[in-house]
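Heads up: the structure comes next, in structure tokens.
Rule-based calculations on the coordinates, nothing more; no lab input. From a predicted model like this one, the values you see are computed outputs, not experimental measurements. For neighbour counting, all protein chains shown are included, and Cβ atoms are generated from backbone atoms with ideal geometry for every residue, glycine included.
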Amino acid sequence: MTLNRLFPATLAPIALLGLTMPAMAEVVVRQQTVRPLPGGLDAVLMVNDNNPELIASDGILLSTFPTGRDASLPVALNGRFDLFSHHVYAGDAEASPESTLWFALLAAPLGDQPVTLTLLEGSTSLSQATKPGQTEAPFLPLPSHMRETTAVVASGPGSRVAGDLLAGRTAPELSHQTWTLKPGEPTRLLRLPMPVAGLDPLLNGRNVQLRLHSSAPVAIATLAGHGQDAKPPSDQAWRTMLSQGILSKKEHRPSPRGSRGKLIYSRVSGVQRGSRWTAEITDPGSRVLDAPQGPMSWPISSLERGTLATGQVQTAELKAFYPGTAWAAHGNYGVEYDLRLPLRNNSTKPVTLQVSLDSPLKGNKTTESLRFRSDHNGPVMFRGPLQIRGLDGTDGEPLGRQTVHLVLRQGQQGPSLGQVTLNPGEQQQVQLRLVYPADATPPQVLTVQPVKQFSRYKRSL
């Protein structure tokens, strides 16, 4: 069985420009308006550790320590910063097919004084647990729309960690909240297993996302290593690995920036600028969004050659990155989108609007339509949670703050997240939050449209 079948979106088509559709699928064109998403990314640095995704050798995954020659991305991390890490392990036939790979996070002051490092929020998850107490999120075949109540709803570790961040949950593996980093030698913050023993096939993944604050500049490093006799490497072994400056092998070399032809995005291994996109979605020059007469959409996680004709690339730029890895944070994995829509009815009749997250086909020709598939048989393009406020159900009753998990396939018009009915002159604010999950392929769109909308559709083979 191939990795793509086991991790259908973890090894998703982010590496390529687009996906081909089955010959029998029809394209449905929805006439509408597509606008750039207002707002923008903040200035918080995020260490983005996603290359290699499939770890093939022990070594440094990413290091901001100033030493280590080719293994160093010497960026000082001070105050608020984030860490996003996402990797897969498929066993090691040379050592033991059922060996465990260990993930470690080390940190140290960049000065000669102790530094306090605080975990503000964070979580981690395996794809599959092999022992009790391990946080896991197997790739379950969930429906397109599923509301979270008392139980966690997730499919894949990226989905699980994104939901934990939205809900303010912390995985039990992250027991420490504050560390005192002493100068002189790195402190191990985390040591997490990526086990494959007992799994069929031998394959597991781990997602880690941390929101941190340091009292002074620090350096951090993520590393992968095998232990001995099922035991993890010692702290001294991790420090030796870091001091030797040996990188774990990278994968998926990108197309050069600005090149033509097929675009290979590659995966990210660097430090990006921006961890949160905040937006007040209004009409241009206005403080409100007047109820549209037809569907209106805004891209989420738009990227190079995937702007849906808006010309807007939301991708975070990289302050530093390793040669042969992505030159921008394509996909904005781990970035939180906090979007508010101050809706107003400026007509003389009541209007009911519905809100959805859609996954249109890529296209950069027009902002007057979006293209969708006539079936729901394509690959999964989005698998993750959203938190929504300000919407009602079909019965008109307020839904309150709700968290829903969506599974959207290529070219799928997403299910309604809820409705809002506005009398003439009435205003109401809707809020949507999501952490763009590792198990997704951009772009998606946030759509507002009248419930009773008789759009003109055309079909083409």
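Odds and ends about this structure:
- For region 263-382, the relative contact order is 33 percent, taking Cα pairs closer than 8 Å that sit 6 or more residues apart in sequence and dividing their mean separation by the residue count.
- Residues in region 400-419 that a label on ALA167 would reach, taking backbone N under 11 Å of a point 7 Å out along Cα→Cβ: 403-405
- R0 of 51 Å, Cβ-Cβ distance LYS131-ARG257: FRET efficiency to nearest 0.05: 0.70
- In this structure, ARG401 and GLU280 have a Cβ-Cβ separation that, at R0 = 25 Å, corresponds to a calculated FRET efficiency of about 0.85.
- Cα-centre dipole for the chain with unit charges at Cβ (Lys and Arg positive, Asp and Glu negative), debye to 20: 1180
- Euclidean distance of C-alpha centroids, region 54-107 and region 174-228, integer Å: 9
- Other residues whose C-beta falls under 11 angstrom from the C-beta of GLN236 contribute a net charge of 0, scoring Lys and Arg +1 and Asp and Glu -1.
- R0 of 41 Å, Cβ-Cβ distance THR394-ARG305: FRET efficiency to nearest 0.05: 0.60
- Stretch gain in nm, segment THR149-VAL44, where the contour uses 0.36 nm per residue and the Cα spacing is subtracted: 34.6 nm
- Rounded to whole numbers, the Karplus 3J(HN,Hα) couplings from phi for region 248-255 are 5, 4, 8, 8, 6, 5, x, 5 Hz, using 6.51 cos²θ - 1.76 cosθ + 1.60 with θ = phi - 60°, and x at Gly and Pro.
- Considering only alpha-carbon pairs that sit under 8 angstrom and 6 or more positions apart, the relative contact order computed for the chain is 25 percent.
- 222 nm mean residue ellipticity, helices alone, for the chain (DSSP H n ≥ 4; -39,500 (n - 2.57); rounded to 500): -1500 deg cm²/dmol
- Protection-proxy order for peptides 55-64, 400-409, each taking the mean of Cβ atoms within 10 Å per residue, highest first: 55-64, 400-409
- In region 138-245, the trypsin sites (Lys or Arg not before Pro) that fall in loop regions by DSSP, at most 16 other Cβ within 10 Å: ARG169
- Principal-axis tilt of helix 235-244 within the chain, Cα atoms, nearest 10 degrees: 80
- Sequence of ARG30, ARG253 once ranked by neighbouring C-beta atoms within 10 Å, starting from the fewest: ARG253, ARG30
- Pairs of lysines in the chain (C-alpha under 19 Å apart; 8 or more residues apart or interchain): 7
- Positive minus negative residues near PHE103 (Lys, Arg vs Asp, Glu; Cβ under 12 Å): 0
- Euclidean distance of C-alpha centroids, region 422-452 and region 265-304, integer Å: 11
- Relative contact order, whole percent, for region 182-281 stands at 15, derived from Cα pairs under 8 Å and 6 or more residues apart.
- Neighbours of GLY225, meaning other residues whose beta-carbon lies under 13 angstrom from its beta-carbon, give a summed charge of +1 when Lys and Arg score +1 and Asp and Glu score -1.
- Each Lys and Arg adds +1 at its Cβ and each Asp and Glu adds -1 at its Cβ; summed about the Cα centre, region 192-336 shows a dipole of about 520 debye.
- Helix 157-167 axis, angle to the chain major axis (alpha carbon atoms, nearest 10°): 70
- Separation in nanometres of the label points that stand 7 Å from Cα toward Cβ, at ASP112 and ASN78: 1.8
- Fewest-first ranking of SER248, SER96, using other Cβ atoms within 10 Å as the exposure measure: SER96, SER248
- Residues in region 374-398 that a label on THR352 would reach, taking backbone N under 20 Å of a point 7 Å out along Cα→Cβ: 389-398
- Computed Kirkwood radius, in angstrom, where 1/r is averaged over Cα pairs of region 33-158: 18.5
- Inter-site label distance for GLN228 and GLN177 at 7 Å from Cα along Cβ, in nm: 3.8
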